[in-house]
Amino acid sequence: MAQRILIVEDDDAHAELIHRAFSDSSERFTTEIVNTLSDARSRIAQNIPALALVDIVLPDGKGIDLLSGGEKENSFPIVVMTSHGDESVAVEAMKAGALDYVVKTSATLTELPHIAERSLREWENILARRQAEAQFRRSTAEMKAYVETAAQGVVAMDCEGRILLVNQQLEILFGYHRDNLIGKPFALLSSEAAEDLRNMMRTATAGTASAGREYLGRRQDGSHFPIEVALSFSETEGNTRILALITNITERKRHEQEMLEFQRMQLELERERELNRHKSHFLSMISHEFRTPLAIILSSSDILRNYGNKLTPEGREDHFAKITRGVRRLEDMINDILLLSRADMQRIDCMPEWHNLVHFCQTIVEEINKTFHTQRIEFKHEGERTLAFFDVHLLEHILVNLLTNAIKYSAEDGHVLFSVANEDDRCVFTIADDGIGIPEADQSRIFEPFHRASNSDVSFGTGLGLAIVKEFTQLHNGTVAFHSREGEGTMFTVTIPQPGEGSASGR
Ligand code: ATP
Ligand code: MG
């Protein structure tokens with residue numbers, strides 16, 4: 001359909017030229033010529049043209065008076081026509097909202113259909129842009145309303161973390177009026193969150209987002225409260241925008257705290273119960289273990305008192321020896337129990353120092369060989385280093401018990417191999433015997449105080465040694481493990497970490 005062009009021109013000669021210029025494009029355009037501003041106005045009121053070509057100077061006013069001017073948008077495009085030398089007026093017309101201007105010459109007038117075509121195309125673009133802008137304004141308004149009523153506090157910031165916008169919920173959460181926040185740094189609300197934001201800014205691009213993290217928020221009155229902040233980066237028209245969604249998590253935290261407290265109490269209660277069970281078990285075992293040597297002592301002293309004069313000197317000596325052994329055994333037990341309970345109550349400190357490890361082990365081996373009248377222990381040492389970092393008293397207890405066990409629970413002609421690997425970062429002690437072994441069923445409980453394996457009758461013992469070994473190894477931050485097969489033998493391995501290369505240098 002042809003587009004209607006309104007031509008407002010009071011010069012008849014020009015009007016004629018213009019009319020003629022359009023005569024060749026009658027399929028595309030229909031033209032209507034009026035001579036005055038008032039005629040133009042009444043035509044426009046009846047029917048809005050697709051385009052108006054308006055002479056600047058008219059008998060009843062200026063052509064640009066047709067432009068609505070100000071904020072109001074023209075509902076159709078206007079191209080003004082000026083005479084030569086009137087360019088400044090044309091510029092004014094453009095400022096007032098004319099789409100284009102034509103300086104009237106015979107050449108430009110014949111060009112008018114092209115100019116009209118171009119102007120209409122541009123007008124279409126303008127309309128499309130106007131529509132998009134209106135749409136944008138509408139959706140921005142919707143967004144604002146949505147943000148304003150959101151349940152979370154919302155803060156929009158520029159690329160430097162300056163606050164651009166906050167919603168009502170944020171005002172409520174932090175007790176600020178928005179006027180006191182706009183333009184201020186985000187750190188005002190939470191210095192911790194602002195710190196994280198600063199770090200994120202170094203690498204953030206549009207789309208970067210942090211999942212909600214917990215921080216302390218600061219209200220205007222200076223009070224603090226726990227908040228969760230999720231940050232996201234976006235880009236609008238070349239500007240980085242940062243959005244923070246802030247939730248008050250006071251309630252959640254209180255709940256978590258209560259849950260934790262509840263769990264802690266449960267745990268404490270359970271520990272207390274366990275301790276009580278342990279204590280009564282321990283006590284009943286102690287009394288039981290004490291009874292055997294006490295009974296021996298009692299019976300031997302009874303015999304000595306009542307029948308002493310009837311006994312041979314050897315017989316008397318035998319009972320005195322029994323009493324002495326019983327007392328020794330009780331003494332050993334008391335010492336072990338004390339050790340264990342002190343370790344248990346963390347009253348034993350591990351005070352490691354640098355010592356000659358090889359020398360230390362050799363002395364222990366000699367002592368044990370003397371006590372047991374045996375030469376069964378073979379000592380081997382690997383590694384260049386001779387010095388190691390350990391607590392002499394604790395390690396002595398560990399090794400003496402393991403070596404004694406190896407001898408006690410193996411045949412008299414059995415072989416015990418004691419080897420030490422002194423490495424840079426740890427010392428590994430292995431004590432291997434080819435004795436009676438630990439039955440499978442006892443293996444899981446072997447470190448428990450007083451636990452003795454079902455085949456342990458071959459030798460006296462209270463079952464405290466390994467419990468002490470374990471405690472003392474742990475005091476060294478070390479580990480103890482074993483491998484055993486009943487009837488074949490047992491191997492215990494103790495590993496004690498050593499301080500790094502640096503601290504041992506020059507030793
Ligand atoms: P003590 O308190 O005097 O050391 P104990 O030797 O019986 O008494 P532990 O050293 O704790 O106690 O050992 C616990 C049990 O583990 C022993 O009774 C024994 O049954 C078993 N056991 C330990 N070492 C060995 C070993 N090398 N071979 C076989 N059984 C062992
Ligand atoms: Mg033992």
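Residues are listed down the side, and each one gets a yes or a no for (1) among the basic types (K, R); (2) closer than 30 Å to T292 by Cα; (3) more than 16 Å from ligand 2 (Cβ to nearest atom):
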| position | (1), (2), (3) |
| --- | --- |
| A441 | no, yes, yes |
| V458 | no, yes, no |
| G465 | no, yes, no |
| I468 | no, yes, no |
| E471 | no, yes, no |
| T479 | no, no, yes |
| F482 | no, yes, no |
| T490 | no, yes, no |
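Of all residue pairs spaced 6 or more apart or on separate chains, those with beta-carbon atoms under 6 Å, a first member in the range 320-339 that is in contact (Cβ under 8 Å) with a residue 40 or more places away in the chain and a second member that is within 14 Å of ligand 1 (Cβ to nearest atom) and part of a helix (DSSP H, G or I) are R329/P293; L330/P293; L339/I468.
This table checks each residue for (1) in contact (Cβ under 8 Å) with a residue 40 or more places away in the chain; (2) within 9 Å of ligand 1 (Cβ to nearest atom); (3) of a type in the set (S, T, Y); (4) buried (at least 20 other Cβ atoms within 10 Å of the Cβ).
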site	(1), (2), (3), (4)
A388	yes, no, no, yes
S410	yes, yes, yes, yes
R426	yes, no, no, no
I431	yes, yes, no, yes
G435	yes, yes, no, yes
F447	no, yes, no, no
H451	no, yes, no, no
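Within the range 457-507, which residues are within 8 Å of ligand 1 (Cβ to nearest atom) and at pLDDT below 90? Listed by number, the residues that qualify are S459, F460, G461, T462, G463, L464.
Look at the range 113-136: where a residue is closer than 26 Å to E32 by Cβ and a partner is outside any helix (DSSP H, G or I) and of a type outside the set (A, V, I, L, M, F, W, C), sitting 6+ places away or on another chain with Cβ atoms under 6 Å, you get P113/S25; S119/P77; S119/D100; W123/P77.
Please determine whether any residue of the range 222-230 is more than 18 Å from A187 (Cβ to Cβ) and surrounded by 14 or more Cβ atoms within 10 Å (Cβ to Cβ). There is no residue in the range 222-230 that is more than 18 Å from A187 (Cβ to Cβ) and surrounded by 14 or more Cβ atoms within 10 Å (Cβ to Cβ).
Only one of the numbered conditions (1) at pLDDT below 95; (2) out of contact with any Leu (no Cβ under 7 Å at 6 or more places or on another chain); (3) over 18 Å from A467 (Cα atoms) is not met by I436, and that is (1). Of the set (1) away from ligand 2 (no atom under 16 Å from the Cβ); (2) in contact with a Ser or Thr (Cβ under 9 Å, 6 or more places away or on another chain); (3) under 22 Å from H483 (Cα atoms), all apply to L357 but (3). The set of residues from the range 366-411 being assigned to a helix (DSSP H, G or I), away from ligand 2 (no atom under 16 Å from the Cβ) and more than 17 Å from V469 (Cα to Cα) comprises E366, N369, K370.
The values are calculated or read from the model by the stated rules, or taken from the named source; none is laboratory data. Computed from a predicted model, the values in this text were never measured in an experiment. Because the Cβ atoms are built from the backbone with ideal geometry, glycine has one as well, and the counts that use them run over all protein chains shown.
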